[in-house]
Amino acid sequence: MTIVIETARFEHLLNTVDELKNDIKVLKSKSIYDNWLDIEQACNVLKCSKRTLQDYRDKGYISFTQIASKIYFSNDDINEFMQKYKFKAFKKK
């Protein structure tokens, strides 16, 4: 069985395969730690002080993970916190 394909289409197919291979390499190289923020990073994202972030944790406003004395926040928890306290746009009359 012989398959005939134009050179340009074949080269496009090879380029697409190469792009997919590169995308897979990038995904494989991502660490599970990319999803987690330490206190300083979380403060930068939320534009708040460490003390304010501590208050959010103490009051149960934001979820966190603690391993020994190190505190981490998942990106999902930060997004959930921000969505929970989001105000809808309104029009002043």
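Results, tabulated for the structure shown:
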| read-out | value |
| --- | --- |
| Sparse-neighbour loop sites [chymotrypsin sites (Phe, Trp or Tyr not before Pro); the chain; at most 13 other C-beta within 10 Å; DSSP] | Tyr61, Tyr85, Phe87, Phe90 |
| Pairwise Lys count, the chain - Cα closer than 28 Å, eight or more residues apart or different chains | 24 |
| Proxy reagent accessibility, fewest Cβ within 10 Å first, across Met1, Met82 | Met1, Met82 |
| Inverse mean reciprocal Cα-Cα distance (Kirkwood Rh) of the chain, Å | 17.4 Å |
| Fewest-first ranking of Val26, Val45, using other Cβ atoms within 10 Å as the exposure measure | Val26, Val45 |
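Each value in this text was obtained by applying a stated rule to the coordinates, not by laboratory testing. This one's a predicted model, so the numbers in the text were calculated from it and none came from an experiment. Virtual Cβ from ideal backbone geometry, glycine too; neighbours counted across all protein chains shown.
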